[in-house]
1. Could you give me the residue pairs with C-beta distances under 6 Å whose first residue belongs to the range B:118-146 and is free of Cβ contacts under 8 Å to residues at least 60 places away in the same chain, whose second residue is surrounded by fewer than 17 Cβ atoms within 10 Å (Cβ to Cβ) and part of a loop (DSSP other than H, G, I, E, B) wherever it lies, and which are 6+ apart or on separate chains?
2. Quickly run through the range B:164-188 and pick out the residues that are among the acidic types (Asp, Glu) and more than 11 Å from chain A (Cβ to nearest Cβ).
3. Of all the residues that make up the range A:165-180, how many are among the polar types (S, T, N, Q) and more than 18 Å from A:VAL232 (Cβ to Cβ)?
4. Quick check on A:THR409: is it closer than 26 Å to A:ILE631 by Cα and either of a type in the set (Lys, Arg) or in contact with a Gly (Cβ under 7 Å, 6 or more places away or on another chain) (or both)?
5. Under 6 Å between Cβ atoms, which residue pairs at least 6 apart in sequence (or on different chains) link something in the range A:324-340 that is surrounded by 12 or more Cβ atoms within 10 Å (Cβ to Cβ) with a partner that is assigned to a helix (DSSP H, G or I) and acidic (Asp, Glu)?
6. Please specify each residue of the range B:189-200 satisfying the condition of being farther than 17 Å from B:GLN165 by Cα and within 11 Å of chain A (Cβ to nearest Cβ).
7. Of the residues A:PRO545, A:PRO618, A:PRO549, A:PRO568, which is closer than 22 Å to A:LEU414 by Cβ and modelled with pLDDT under 90?
8. Any idea how many residues of the range A:253-286 are within 25 Å of the chain's Cα centre (by Cα) and farther than 19 Å from A:LEU581 by Cβ?
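The values are calculated or read from the model by the stated rules, or taken from the named source; none is laboratory data. The shown structure was predicted, so the numbers you read here are calculated from the model rather than taken from an experiment. Positions of Cβ are generated from backbone atoms using ideal geometry, with glycine treated the same way; all protein chains shown enter the neighbour counts.
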Amino acid sequence: MNAAAVPPPAAPRRRSGRDSAALLAHGEPAVWLMGGGLVLALAMIVGLLVFVLYQGVATLWPRPVERIALRDGSVHMGEVARDDRYRPADHVLAALPEDTAAAARAALAAADGWAHRRLLRTGNYELTGEHFQWISDYQIAAEDRPPWAVVLERMTWGRFYGEPVAFHVLHYTDEFADQADPAERRRLRREQALRMAREMEGTPSRRVMFQTGLRLAAPAELPETATVAAVVEIWEGAESAWAQFAAWHSGVRERWQQRRALEKIEIGRINQRREAGRHRLRSAELRLERALAAGGPESPAAARARAELDRQRIEFGRLDRATEEEFLRIRARIAELNRENSRFRLVLTTAGGAAKTIELADIVRGYPANRLTFGQRLGVYGARWREFLLDDPREANMEGGVFPAIFGTVVMTLVMSLMVVPFGVLAALYLREYAKAGPLISAVRIAVNNLAGVPSIVFGVFGLGFFCYFLGGHIDRWFFAAKLPSPTYGTGGILWASLTLALMTLPVVIVATEEALAAVPGSMREGSYACGASKWQTIRRIVLPRAMPGIMTGMILAMARGAGEVAPLMLVGAVKMAPELPVDGIFPYLHPERSFMHLGFHIYDLGFQSQNSEAAKPMVFTTTLLLIAIIAALNIAAVVIRTRLRRRFHAGTF
Amino acid sequence: MNVVIADPAAPERGDNAGRNGSGRLAAVARGESVPAEIHDELRQERHVLEIERFSLWYGEARALFDISLNVPRGKVTALIGPSGCGKSTLLRSVNRLNDLVDGVRIEGSMRLAGREIYDRAVDAIELRKRMGMVFQKSNPFPMSVFENVVYPLRIDGERNRAVLQEVCERSLRGAALWDEVKDRLHESALGLSGGQQQRLCIARAIAAEPEVLLMDEPCSALDPLATNKIEDLIDRLRGEYTILIVTHNMQQAARTSDYTAFMYLGRLIEYGPTETLFQKPRLIETYDYVTGRFG
């Protein structure tokens, strides 16, 4: 080897010795940046979840009842909803009475100008016209937790805070309707009342009085001429009154539930039968009209239609009488239940000293908030959650449960998934497996991807125009002509909402499926072809099963997006109140044309459309929590299925 | 079959070696047409597959040049040659798997049992059912062992459980896999080891009793032990099936095959009995290749 031919060894390239360059080269700052991004994202997500969780979980917890007497002499009682610190403006202090203002100024000076105030949920809306009251600390003269303060959740007027005074049990006297003479009737009722009163005597804790008209009278001062409607047993004192309440309340609630079931199910069934009969009649009329228009009054078709119409008229008359009878029977049963329930009343005083008599049937739940043990508190909490999850809403959705909304959300999401997955998979299969790659296919792909960026409200408008008005309108004209002009399918409904959302989530499924199909190894396809399989057999038996986990991923993403969507639903069928579920026991059991409640829409409605936003706010959190939980549950179910599939396809490869 | 490869250090060339061989490969590289050296022993065989002046283009690029090669029935024929010489392409042309590739064009003829393969009237799907194929990388389907083996029958619509079970057992026994998997027939095939997976693919390939078994480097992704098993298996299948095997491994070709074809840059160079080809090839180029001087 010739030494001269070897080039002199090159001087080693000068390495820049700066630390920053080395740092950049190692990618250290990039790692920090990525970590920071992750931490920020996590902090926001976890923060939101924890906030929703805390607020949502605390909403239904029964809190103690405070009684606060103010310096101006008024007394308020209720639960503390929240509290904060603020700086009272001068004109607020100036408006206060002299001594209060002085105390307030002193307190403010000590606290650097800050005042503490609490929002008291005082309820008793029909008496005070307020649900809530802000109370600043400097206004307070005295404050305590009365041992017998009770919280009543009512069917109407919201909550009631007060102390029980008495419990009335009425024993109605008979009507003696067969007695023609009013004086004789009066005498008989009176005699019966006195006999009942004598039998009741002897228990020290109760009094017996007579109800005449709207007034109560003691036996001694019962006017001669009065008609005694009922004998009233009266338990006086908070403790015995409450004991009676506890004894009777569940029975009253049971009767109330029976009544509601009768109203909802039985009467609903009767109405439905009448409606169906009416539609048959109307259809016969329409047929006759058509026959007349087509062949004139003398044609055999017109004669047949006329005969049919006559038959339907007779039929409907029979149905009309039968349903009317049944209806009256049910009404009688409802009246009976109502009368039985109206026997029980609770008399309370409010913190302001006003007396209030509340019928037991009107009370959903009552509890002595300051006497509850922890276990009892948990019991109330659990009962409230049960009501929230399983009951219908009441009082403009602010109280009661959200069961119809849960049901609507889940059904809509499932129907949407059932619609979107087959369509998306078919479209993706064609795009990926059959279509020849070219500018047209690229354009289609771009269009599909852009579809994902279209605002959801646009889909809502499209759904309203196409599904509801166009498709639904035609369905109505062809199949439900007898019901027109009131629409059946020609308006928002759960089917149209599901289809609209399916359309909206279609790009997600198509893109995910295409990816999954592309990820199926070519060697598997070749193996199948080499066995003599056709293209379709290869796709059906090899490619699709293998791509299933990826397709499931698309479905999961679509479900998550669809379940949380609200804007388009407002146009195509989600409503504030829809106690009739899209699935029920009345033929044909599935009612895809019905409008429905949706948790997302419910949140919007509670948060922004309710009259009493302060009371609705905690429910917003609880509902949000529930919606998140439902979406998570649906997703977890899908993920479990996907994991099973994956395990089947990827086990043990190495 | 046991053939000892000639020792390069002590060259003992065949009678004809060196006579017509010089510069042959260079000529091929220049794109000139060179006649293949085909040994006479092949004339005495009955051929199941006859390839005549077969050429193939991938778009503009020509991959095969006028290949004429007959595959004897019931024998193992190995295709050897350096990478990119077109052995796999030729193999995949036999069951028309190249049809699936865009822009493939062919010329010439290929006959299976006397019937033209590339005839318009021939359905590629029906044709593939008459052949089995084993790939370089094992490709079991994402289903149970049982379903993998009976896949060719399933796509023919066979539903009879007894028939399927019988075929499954026979094929797995044929592929020397039965004893290892008989207790886990209904577990995922993807849980098997690499060698087992490849034998499963062989079982699948012979399930439909093919006329020709095509093997595209069946052992290149396997460890020596698994390779041994597959080679034993090929030995057992000899006589029962006609096997056309592509291999990179000279020893493997020497060990397993009856006939060997040496290909270079899309052309057939020499084709003859394995023993002759490895010990006394007629061409110096073949000699150089089998002894590892190039390639």
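1. B:ILE125/A:SER534; B:SER144/B:HIS186; B:PHE146/B:HIS186
2. B:GLU166, B:GLU169, B:ASP179, B:GLU180, B:ASP183, listed by residue number.
3. Within the range A:165-180, residues that are among the polar types (S, T, N, Q) and more than 18 Å from A:VAL232 (Cβ to Cβ) number 1.
4. Criteria not met by A:THR409.
5. Once the first residue is surrounded by 12 or more Cβ atoms within 10 Å (Cβ to Cβ) and sits in the range A:324-340, its partners that are assigned to a helix (DSSP H, G or I) and acidic (Asp, Glu) give A:ILE330/A:GLU266.
6. Matches in the range B:189-200: B:LEU190, B:GLY191, B:LEU192, B:SER193, B:GLY194, B:GLN196, B:GLN197.
7. Going through A:PRO545, A:PRO618, A:PRO549, A:PRO568 in turn, the sole match is A:PRO549.
8. The qualifying residues number 6.
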